[in-house]
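I have a structure here, written as structure tokens, and I will follow up with some questions on it.
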Amino acid sequence: WFKDCISLLLELIVLVFLIVFSNSLIGQTKKEKKQLKKEKANKEYVAIKELINSEEYVFNGTWLTAQNGMRIDLSSSSNQMEIKKDSANASMQFFGEVRSIGFKDEGGIVFDNIIKDYKLAYNDKKQRIQISFNVRNKTENFDISILVHKSGFAYVDIFSSHRSTINYEGNLSSIKKE
């Protein structure tokens with residue numbers, strides 16, 4: 001009986017030993033996981049930089065935050081701003097205040113015109129990209145500011161000459177060829 005207990009105990013010790021050491025031999029160390037995560041982030045950042053440098057990309061808004069803090073889910077409708085070389089085209093929902101008497105609201109943020117003062121700044125350390133430009137439609141001027149993260153997630157702030165500021169969250173991607 002004693003022999004069987006000792007034998008069983010030795011088998012358990014060997015089994016525990018194998019489990020503990022097999023995980024460390026097979027699995028990745030924290031350092032290796034951290035390195036892989038860093039490499040993936042670098043690849044994402046390089047890809048988003050290439051997309052922005054192509055000067056042909058689209059922002060797809062998924063969330064809107066109005067001046068009063070109200071957040072609206074935009075995933076059920078199209079809210080896009082397309083950048084093609086020196087022009088911008090947008091059709092995005094607007095929930096906010098109009099600040100100009102006699103201003104004729106088109107129902108949203110809508111423009112299709114030449115970009116002015118396009119600026120691009122890279123923060124390679126934080127892997128973020130800041131884009132800013134001005135564009136106008138028939139009745140108002142827009143100052144656009146876009147903060148892009150390495151994954152393509154972006155914040156877009158739109159400052160209008162006739163409306164309250166509005167903020168969008170979404171993703172940058174390549175323009176789909178038709």
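The values are calculated or read from the model by the stated rules, or taken from the named source; none is laboratory data. Computed from a prediction, not measured in an experiment: that's the story for all the values here. All Cβ positions, even for glycine, are placed from backbone atoms using ideal geometry, and neighbour counts span all protein chains on display. Please note that ligands, DNA and RNA were not included when accessible areas were found on the heavy atoms of the full protein model with its side chains. Shrake-Rupley method; radii C 1.70, N 1.55, O 1.52, S 1.80 Å.
State yes or no: is ASN60 modelled with pLDDT of 90 or more and surrounded by 13 or more Cβ atoms within 10 Å (Cβ to Cβ)? Break it down into steps so the answer makes sense when it comes.
Details: modelled with pLDDT of 90 or more: yes; surrounded by 13 or more Cβ atoms within 10 Å (Cβ to Cβ): yes.
Considered against the rule, which asks whether it is modelled with pLDDT of 90 or more and surrounded by 13 or more Cβ atoms within 10 Å (Cβ to Cβ), ASN60 comes out as yes.
I'd like the full set of residues that are in contact with a Ser or Thr (Cβ under 9 Å, 6 or more places away or on another chain) and touching a residue at least 24 places away in the same chain (Cβ under 8 Å), limited to segment 70-81.
LEU74, ASN79, MET81
Could you run through segment 75-99 and say how many residues are open to solvent by 50 Å² or more (accessible area, probe 1.4 Å), of a type in the set (S, T, N, Q) and outside any loop (DSSP other than H, G, I, E, B)?
4
Does segment 123-145 contain any residue that is surrounded by 14 or more Cβ atoms within 10 Å (Cβ to Cβ) and in contact with a Gly (Cβ under 6 Å, 6 or more places away or on another chain)?
no
Mind listing whichever residues of segment 147-172 are under 25 Å from ASN42 (Cβ atoms) and crowded, with 22+ Cβ neighbours inside 10 Å?
VAL148, ALA154, VAL156, GLY170, LEU172, listed by residue number.
Follow-up question, since we're still on this one. Take the residues in segment 157-167 that are touching an Asp or Glu at 6+ places or on another chain (Cβ under 8 Å) and part of a strand (DSSP E or B); name whichever of them is nearest to SER54 (Cα to Cα).
That would be ILE158.
Okay, next question. Do you know which of the residues in segment 136-145 that are in a strand (DSSP E or B) and in contact with a Phe, Trp or Tyr (Cβ under 7 Å, 6 or more places away or on another chain) is nearest to GLY61 (Cα to Cα)? Spell out the reasoning first.
Restricting attention to segment 136-145, the residues satisfying the condition of being in a strand (DSSP E or B) are 136, 141-145.
Okay, now just the ones that are also in contact with a Phe, Trp or Tyr (Cβ under 7 Å, 6 or more places away or on another chain), so 136, 142-144.
Working: ARG136: 20, PHE142: 17, ASP143: 17, ILE144: 14 Å.
The residue in question is ILE144.
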